[in-house]
């Protein structure tokens, strides 16, 4: 199919409705039809997502035109308290599954977005991660408001922190290209090693600055 072929709006919307029907047939939640779902079901078709985003006013506009519920606006249909209660339920499941303790005494394993997605699926995925982030602003804000530990580590010795950072650094070197710098962002990306999380903020408090910490540990 030629790349510059003009696509009629009705043709595009009819195709979108067709994909949505397949999504429902496969057991999808009517209020959670996303771009990811569309792309997964839209194999071998010229009707790529940019048709809707660039030529028809965006994904949400197309969903509205096709009378398809806007899944990412689900957060407006439920109170913050309802969503918070559900997140606490998922967190409780996370704790009951033996994920509460870290290998260092005094450090509680952080409840990550990845953990939420895993246990959310097990509980039926009533609310998507996108809905939760939309309601609370960020994952950190959610944890603070719900009194869920954010991963602050108390009582860790100097040697334990250095040992952890070096393990993260080794993982960084194995996973990333040589030209990348071991920045705070890269550290956080690879932070979880042997179920341990030590925040970059804690490291800065102990060593003064991130650069100072790297120098003292002889890490480039």
Quick one: would you say residue 203 is in contact with a helix residue (DSSP H, G or I) (Cβ under 8 Å, 6 or more places away or on another chain), crowded, with 18+ Cβ neighbours inside 10 Å, modelled with pLDDT of 80 or more and closer than 30 Å to residue 215 by Cα? yes
### Task
Report yes if some residue within the stretch 143-159 is under 23 Å from residue 210 (Cα atoms), without any contact (Cβ under 8 Å) to a residue 40 or more places away in the chain and surrounded by 14 or more Cβ atoms within 10 Å (Cβ to Cβ); otherwise report no.
no
Of the residues in the stretch 172-194, those that are surrounded by 17 or more Cβ atoms within 10 Å (Cβ to Cβ), part of a helix (DSSP H, G or I) and modelled with pLDDT of 90 or more number 1
Checked pairs for the stretch 72-88, first more than 16 Å from residue 146 (Cβ to Cβ), second surrounded by 15 or more Cβ atoms within 10 Å (Cβ to Cβ) and at pLDDT below 85, C-beta under 6 Å and 6 or more apart or across chains, list as 74/31; 74/131
A careful count of residues in the stretch 14-54 that are outside any loop (DSSP other than H, G, I, E, B) and either modelled with pLDDT of 75 or more or exposed (fewer than 13 other Cβ atoms within 10 Å of the Cβ) (or both) gives 21
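The values are calculated or read from the model by the stated rules, or taken from the named source; none is laboratory data. The structure displayed is predicted, hence computed values, not measured ones. Positions of Cβ are generated from backbone atoms using ideal geometry, with glycine treated the same way; all protein chains shown enter the neighbour counts.
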